[in-house]
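Everything on this sheet refers to the single structure shown next.
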Amino acid sequence: MTDTKNHSGEHATGSPEGRFFQPASLAELAEAIELAFDYRGDVTVSLKSGESIFGYLFNRQVSGSDSYLEMFPSDSSEARHIRYDQVAAIAFTGKDTATGKSWEAWIAKKGPERRAEVERVAAEAKTRGIL
Amino acid sequence: MAVPLSQMATVSKYVLSQKLKGVKRYPLVLMLEPLFRCNLACAGCGKIQYPDHVLDKRLTPEQCWAAAEECGAPIVSIPGGEPMIHPEMPKIVRGLVEQERYIYLCTNAILMERKLDEYQPSKFLTFSVHMDGLRDEHDLAVCRDGVYDVAVKAIKAALKRGHRVTTNTTLFDDANPERVRKFFDAMMELGVEGMMISPGYSYQKAPDQQHFLKRERTRELFSRILGNPKKGWRFNQSPLFLDFLMGRREYQCTPWGNPTYNVFGWQKPCYLLQEGYAKTFRELMDNTEWDRYGTGRNEKCADCMVHCGYEPSAVEDTFGTVSGFGRTVKLTMLPTSR
């Protein structure tokens, strides 16, 4: 499987963020989709038709030639249903939201840094009207 | 008694009717997640790590009511995310009350006092306030100072208006038994109806991966906390589940007991694992390979002793065995006899 790393962040976090997969077989495609399903960030799915969809891949069903994935495009409220055999490539283009917020990092931060982060998160919540 | 008689009667009638009908797998509590957006970012939570456009998605009231009807469970727990962020939450709750389901609105209470006027007190509605300990422990767990005090103020305001209020507490391996016992005293002094406790689940996506409890440590910790219970403590959960946490009863997981519905659909197989989504509740029940999950069956389940899988097992024990029924009655009437 072609796997191009677009940046070096992956080594530090174990996240596939920034990777690009161009599977050569159905098995490789299933593997890449499984990785995307487990990924807590947006991906770009390139179809053989030439269309590219950027969004969150939230489900997949592996069932031979009926295998499909489901994703929420970032610019639409309607989920897209895509057959595996329509997919040409998958790129992990969105930020992985489940990395970089480790407890150790939080504890290790000095008091003023933690307070600043608390205030930043609180300000963001206030802007959204949820605090 | 921490759980009102009418609620106990409803749950008993439901479980017995399932048994009479010969239903092997039935849901007890619907976990309804109407959104993933939260106004906190707790260290032990793996529920909210999504891109913004996913966090902005909401279930509609109609979707929530339909899920409750489709599932049929007598109890609906509404976690999230923070459900009180949802602008239509009062409407969602009203609809579920009309269905006569017992609702636990799980909240961090940051918005609770401000929004209390939007909710009518009802025997069907309970605010289940997230409290992970006394002030220092709670504020550390939720990664924000001042939240404990906000929650205490909101609890007092809700109780004053006649609402049912419980607390829900997740414990990790750094919990200090003596401090937890003092926390129980503090919550009882506040006047909450009852408390719910559970060990945390080791979410792979949670920021804090070091403090999740292992099975033996869970039993040891809960034995030290609950081994000599105080007379005034009330728990809004099955006494047999507390026995299980202390290592006094052995259960296999009941992953279908608390099915989860959210913006992605019906989550397979349970509230904690995300292995895919079904379009309908029936599809979830019929097409999930349930025997692949639970203690000794799946490495992801190895250390899990969380309420959403094992409290339904405890309820099944109550209604399915003489010893379970007897012990439930005994511990309900005499909680300090443990």
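Values in this text are rule-based calculations from the coordinates and carry no lab data. Values in this document were obtained by computation on a predicted structure and should not be read as measured data. A quick note on method: Cβ atoms are made from the backbone with ideal geometry, for glycine too, and the neighbour counts reach across all protein chains shown.
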For this session: Binning at 10 Å from 0, report for segment B:24-111 what percent of all alpha-carbon pair distances ends up in each bin.
Result: 17, 49, 28, 5, 0
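From other protein chains only, count the Cβ atoms within 10 Å of every residue's Cβ in A:70-78, then give the mean. Spell out each step's value before the answer.
Working: counts 5, 0, 7, 1, 4, 1, 1, 5, 0.
That average works out to 3.
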Exercise. Which GluC sites (Glu not before Pro) from segment B:1-91 combine a DSSP loop assignment with at most 16 other Cβ atoms within 10 Å?
Worked result: B:Glu88
Exercise. Could you state the per residue volume, in Å³, of the convex hull enclosing the Cα atoms of segment B:1-160?
Worked result: 134
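Helix-derived [θ] at 222 nm for chain B: sum -39500 (n - 2.57) over DSSP H runs of at least 4, divide by residue count, nearest 500?
One gets -11500 deg cm²/dmol as the mean residue ellipticity at 222 nm.
May I have the convex hull volume per residue, in Å³, for the Cα set of chain B?
On the way: hull volume 41.9 nm³, N = 338.
About 124 Å³ per residue, rounded to a whole number.
Tell me, what is the Rg over Rh of the protein assembly as shown, with Rh the Kirkwood radius over Cα pairs? Kindly include the intermediate steps, with their values, before the conclusion.
Numbers: Rg = 22.4 Å, Rh = 23.3 Å.
Computed over Cα atoms, the ratio is 0.96.
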Exercise. Within the set B:Lys182/B:Lys230; B:Lys57/B:Lys91; A:Lys126/B:Lys160, which residue pairs have Cα atoms separated by over 21 Å?
Worked result: A:Lys126/B:Lys160
For this session: For the protein assembly as shown, give the share of DSSP beta bridges that are antiparallel, in percent and rounded to the nearest 5; count only bridges with both residues there.
Result: 55
Seminar exercise, completed: Taking only Cα atoms of segment B:272-311, the Rg to Rh ratio with Kirkwood Rh works out at 0.98
Problem set entry | Inter-centroid distance (Cα atoms) of segment B:267-332 relative to segment B:104-134, Å | 26
For this session: Would you work out the charge dipole size for segment B:224-338 about its Cα centre, treating the Cβ of every Lys and Arg as +1 and the Cβ of every Asp and Glu as -1, and quote it to the nearest 20 debye?
Result: 680
Exercise. Other chains' Cβ within 10 Å of B:289-302 residues: what's the mean?
Worked result: 0
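Please report the antiparallel percentage of DSSP beta bridges with both residues in segment B:141-268, rounded to the nearest 5.
Details: 2 of 9 bridges.
Counting DSSP beta bridges with both partners in segment B:141-268, the antiparallel share is about 20 percent.
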Problem set entry | Whole-Å distance, taken between Cα centres, linking segment B:58-80 and segment A:26-87 | 27
Seminar exercise, completed: Of the residues B:Pro87, A:Ser77, B:Gly133, the Cα lying farthest along the dipole of the protein assembly as shown towards its positive end, which is defined by charges on the beta carbon of Lys, Arg, Asp and Glu, belongs to B:Gly133
For this session: Could you state the orientation-averaged shadow area of the convex hull built on the Cα atoms of segment B:230-300, in nm² to one decimal?
Result: 6.3
For this session: Return the average number of partner chain Cβ atoms within 10 angstrom of each residue Cβ along peptide B:40-53.
Result: 5
